[in-house]
Structure formats: structure tokens, C-alpha cells
1. For residue 308 and residue 526, what does the FRET efficiency come to when R0 = 35 Å and r is the distance between their Cβ atoms, rounded to the nearest 0.05?
2. Give me 513, 568 sorted ascending by neighbouring Cβ count inside 10 Å, so fewest comes first.
3. By how many nm would the segment from residue 379 to residue 739 grow when fully extended, if each residue of separation counts as 0.36 nm and the alpha-carbon distance is taken off?
4. Rank-order 587-596, 603-612 by packing density, defined as the average count of other C-beta atoms within 10 Å over each peptide's residues, highest first.
5. Give the calculated FRET efficiency between residue 608 and residue 503 to the nearest 0.05, with a Förster radius of 41 Å applied to their Cβ-Cβ distance.
6. Give the calculated FRET efficiency between residue 39 and residue 713 to the nearest 0.05, with a Förster radius of 41 Å applied to their Cβ-Cβ distance.
7. For the range 12-81, take the convex hull of the Cα atoms, compute a quarter of its surface area, and give me that in nm², please.
8. Within the range 516-538, what residues put their amide N at less than 18 Å from the label point 7 Å along the Cα-to-Cβ vector of residue 495?
Amino acid sequence: MGAEPVTALVTTDLTVGGMTCAACVTRVEKKLGKLDGVTATVNLATGRARVSHPAGVGVDELVATVEKAGYTAARPQPPKEEPREGADGDTEEARHERARLLVTAQLAVPVLVLSMLPGLQFRNWQWLCFALAAPVAVWGAWPFHVRAVRGLRHAAATMDTLVSLGVVASFSWSAYALFLGGAGDPGMRMPFRLVPTASDGVAHIYLEAAVGVPLFVLVGRILEARARRGTGAALRSLAQLAAKEVSVRERGRERRVPVEELVSGQIFVVRPGERVATDGEVVEGSSALDLSLVTGESEPVEVEPGSAVVGGAVNSGGMLLVRATAVGADTQLARITKLVTEAQAGKARAQRLADAVAGVFVPVVLTLAVTTLGFWLGAGAEPQAAVTACVAVLVVACPCALGLATPTALMAATGRGAQLGVLVTGPQALEGLQHLDAVVLDKTGTLTSGHMSVARVTAVPGGLGSDAVVRWAGAVEQGSEHPLGRAISAYASRAGQGLPDVTRFSALPGRGVRGRVEGRLVEVLAPDGELPAALVDALPVAETAARTSVLVRVDGTAEALIEVGDVVRPGSYRAVDRLRRLGVRPVLATGDREAPARAVAQDLGIDDVHARCTPEDKADLVRDLREQGYRVAVIGDGVNDAAALAGADLGIAMGSGTDVAIGAADVTLVRGNIEALADAVRLSRRTLDTIRTNLAWAFGYNVVTVPLAMVGLLTPMLAAAAMSVSSLLVVGNSLRLRTWQPSPARRRTR
């Protein structure tokens, strides 16, 4: 029998509405997971579900499944269709919630004050409080009641179930006490105590709990929503970098069009202060571009005709004409935004444990509340004491903190990483960075610039001088297609003196080029035999074998030696040093010759060098290191690095590299500078520490407070305040990652 056909899976993102806690997340994931071949990851902080499903399962079926679970679902809207925000950044829904909170606060505060300060309690004060509390318990807590009933219809219990039951129980008991329990007497006074006490023959009222629970939870939800918006601020700032309109130049005329109408190949204008509309190539003009918000590069980048530019960069200098080379989803800015969005959809291993707990959390809390009520009544306690303990258990439990522990930290960290030029694919990549202890580095394009350039010019003492010789050599090399010739010509052009005309140009196969410049015969040749003694004496004592030397002769006389090589990036020195201090072992693996590889390794202080490596050799090296117990990352920028990137514990691609390398990587360094790798390692360690702290707090809070409520040591109102503060502490701890700053790290003990 043949093998079963493999069903192709597609990924769909959905916006899920109505989720309020980790129990909601677990329910949506389970409902979607019951569909054949479907898996889903739901993020409470972003309200997004990433669904992997067979092509035969349509989006409508996914949406219907989520709605059957009691929530709303839709395909994410494009940015231009998202709800309009006000000047304060709130959506229309947020403004309604804020209005609900303001009215609830105005009604609840007098109830809280009168209930807590016996000296202010006048005759029939309790009836005034009852009149004020009724609209709070019904209208103020209405969102909780609606979601609780919706969950009940779908046999589900969530955080809203606990809040709704707590409010209903507190208000119902207070109504009983007022009408039937003697608490309605005009002269009744009620002392306020932090710990519940026995009654003195008159049933206590808990109107302060009936209004305090929805008030504190509403405050907590609004503050939590604002804080969660803060964790995603970096992603929104990326989206805002995209230009809305662009000036297109056609047949000498200029017109403004929406950026969506721009097509590849069109010429558009970028004036000083404007953003580059899309990725392209400069065809006219020169300027400096501010790329800090796109790649994290703090220094402006000079561009000229032929230079590549990135959409979203700000033009800080003169006017540019740019030919569009990529538009829409193909631009670097769009890819960065997509990577950050995808990273925020994942879950760390610790969060999976939290989700498993959250799946049974609310039913367990409901069971504990009922058990508490029955135990107190069975032990002969007064009904009001039993109800108080039961309501406190319902209100104090907080699955929200469990659901927010990972996504808020991940949102803040991935956004901060994007600002620093580090893109991670998800929490698995962050976990891999944290435990990294060996990194295999490519040479060309990673540690070095990847471009041949003039590294040193040595002129014969007393000769024509290096300036003149380089100028003539550059002029002759203009007619050469060899990389060495192009490097010399570019170096001479940057001197700013202009290159003279060349006559009688000829190429000497295998040797070099020659031509007449300003009446002189200029030859640029590979050294043949021993160099002239005068030139040898002028050379530095330490030669760098990684460079290729060419001899310049003028009218048959040797005048200078020009050394050309692929120079080490300035940031590579700091990067390798910082990695070593972080406890990460650097390994150099390159397809280049032994001499250049050794020279670069010596400059950078790398002891482990592997030269003339094929793609298979690099993959074998990674496998050998892993067998030795190392957790290995590979960093590279070319097609030849793709196999090693995919085979490592962690693949890291240079943002300036090929799409193949970037596609195989778990982390992308947008700036094309490996110094950002050390920042990525330290950011990952801080993020995972933050997640662990959040989860420890979320678990520890519930482990401590629920038993306290069960034994009657928490009033419902204090329980509501504690529950709200619990979520805020988790989100606040995550928000600290937004201000994380890279700095030299101390060596990690292993």
C-alpha cells in the first residue's frame, strides 16, 4: 500500500473578541483543535488566533467554530480599516468602557465611603446605598453578566463567571439582609473591618462588595488594556512608518498618488523630511537617510545614485529620485512587521503549562467556592459568614494573570528587539538565544564587509606620491570588470579629485591592465617576482596574508603597492568580545582560503577556525558541536549558509543577506551587524526572566489568596482589589522590557 497523501496546511489569522482570561484562550484553542487537522495558538494580549488548517477547512468554518464557543471572530482588518482612534489613542469601544467606569465610580464611591466610615452613617443611610448600588450591580457589571451568561450557554466558565457570581451573590445577600434580615432598620450602623466578623443579631450587608467588585475590576481592565497597548507600541510604530501618499514622476511631470498604486519600476520623489515610500534604488540625487526606526541603525546612511534605500527611512538631506524595486508585502518594512506579528503569536514552554492550568482553573475555583459555602454552613457558621467566604473565593481568583504572563512580555520584547534591529520568530527563538553557548560565524558578509576595498597603499619613498599614483591607477581600472579593479577605481573616485581620461587601454590576461593617462604609461599588475627593494623597505613589518596586492608601475618604474581585501566590519571586534563575555564560544567557518580565514580570526581573537568549508561541511560542523553538548547558533548571510542555519539549534541571518538565509533563520539581524547578536542574547535572557517572574507571581498569588479567602480572612471588596492589582503587576513587569537598553554584559557562569 502507498503512503498516505500529505495534506497541505495553510495558516490563517483571526481576530477573536470577547476573551478576558486564560480560560477563554484555552477554550478557543480546544474548540478549534476539535476540527480535523486544525491546530491553533491564541494570544490573549493581542486578541489574535493563528490557525493552521487543511485547505479544505475554510475560514468561514473556523469563524463559526469560534462563535460556537461563545466568542466573536473575523479576519484581521487592514490597518486602514481598523477602528478609528481618538486623540488619546482610545478606540470607540474603549471610550464606551471608560464612560461605564466613570458612571460606576460616581455611584460606587458614596457607597464605599458610607460603608467604611461609620461616623458618616446617618439614618437610613443603607437604603441610599442600596439605591446607588443597584445600577452598579446591574448596569455597571453588565459586561460581566453578559459574558458569563454567554459562557453558561456554551457550558464554559471564565473570569467573567467568577466576577458576575460575586456581584450577584453580594447584592442578593444585601437585599435579603435589608428586607428580611433586620438590616433595614433606620438606625442601623455597620462597622467596617478588614476581616469578616460574626453578626450581632442583625444580618450584615455587603453593598460595598457589590459595587467594589465591578468598580475595581473595571479599573483594572482599563488600565490593563492601556498597558497591553503599550507592549505593542513598537509594532504599531512600524506600521505607522509606511507612507500614505507618494509623488510619482512620469515623463517629466509629477503627481501625488496613494502608495498602494505605486508599482515596481516607477520613479518617485523623496523630498527632505519625507519618508521613503517603498524599497528602491536611487537614480538621481544624494542625501543622508535616517534608518533608526526601521533597522535600529543610529547613524544616518549616505546614499547616492545606485544606492539601495528602504521604505520607511526618513530623508534628512537633499531631494532624491528613487526607482521602486519592491512594493506592498515584498518590502523590508512589511517583512519586519510580519515577523514581529508572527513572533507575538507564539508561546513559551512555561506558558503552555499556565494554559493547561487555566483550562481547569475556573471550574476548580467554582468547586472551591461551593465547597467553602457548604463547609461553613455545615460547621454551624452564620449564613452571612459562609456567603462572605464564598464570594471572596469567587472574586479573588485571577486567571487573567496566567494568560497575560507570556504574551505581554513577548510583545514588549519583540517590539523592543525590532527597535534595536533584532527580529525573532517567536518564543522558541528567545529560549534558544537564552541557552546559547556556541555560535558558528561565517566570514564574508558577516564578520567582513563582503566587498573588496583598498585596505592599504604603500608608495615608494621619494617617488610620484600615493595620491597621483592611486588617481592614475583608478583611471586605468575603470575599464576593468575584475573585482580588484572595481575596488581600486571606486577608492580613487572617492578621493574627490576626478579621474582623468585613459587612452590605449588594454587588459593583460592573468596579469592586470595598462593604459596611457596624462601622457604616462600606467600599469596595474599582479606582482611578478621580487618587489623593488625601496618598496619592500616601505612596507610595514607585519603583512596581512588575507589581502591581495597589485603593483602600480608608471613609465616602467614601480611606484606603489596597493593592497585590496575584504575588510573586517568595525562592529565585529566588539561583537566577538561581547559574545565571549556572555559565555558564548565563537567558531569561524568559511568557504574562503586558509590564509584570509586565519587572518580574520587572528584579528578578532577567534581560536577555532574552519576554512574552505562547503555547505555540507558547515552542516557537519554544526552537528559535531551539538554532539559535543553545545547549544549551537549559526549566523550567515548567503545561500551556502542555509543548510547550517536550518540544522542548528538556532539560525541567525544577516538582514543584508539572501532571502534563502533569512527564510531558514530563527533570528534576523536587520542592521547587518553581528554586534546586535549580543544584544539579542541579553534581551532574550531578560525576557525569559520576566516571563518566569510573571508566572511565579500569577501562580503564587492564587495559591496564597484563595486559601485566605476560603478561611474567611479576606472581604470580597479587598479580594476584588487584589485580583485587579494582580493582573496589573504582571503587565507592568512586562512593560519594563520596553525601556531595556543594551550594554556590555558580564560573563555568564555555566
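Where a number appears in this text, it was derived from the coordinates with a stated rule and is not lab data. These figures come from a predicted structure and were not determined experimentally. Reconstructed Cβ throughout: ideal geometry from the backbone, glycine too, with neighbour counts over all protein chains shown.
1. Efficiency at R0 = 35 Å is approximately 0.60.
2. By the 10 Å Cβ count, ascending: 568, 513.
3. Contour length minus the Cα-Cα distance gives 124.3 nm.
4. 587-596, 603-612
5. 0.20
6. After rounding, the FRET efficiency stands at 0.45.
7. Spelled out: convex hull of the Cα atoms, projected over all directions, averaged, 4.4 nm².
8. 516-525
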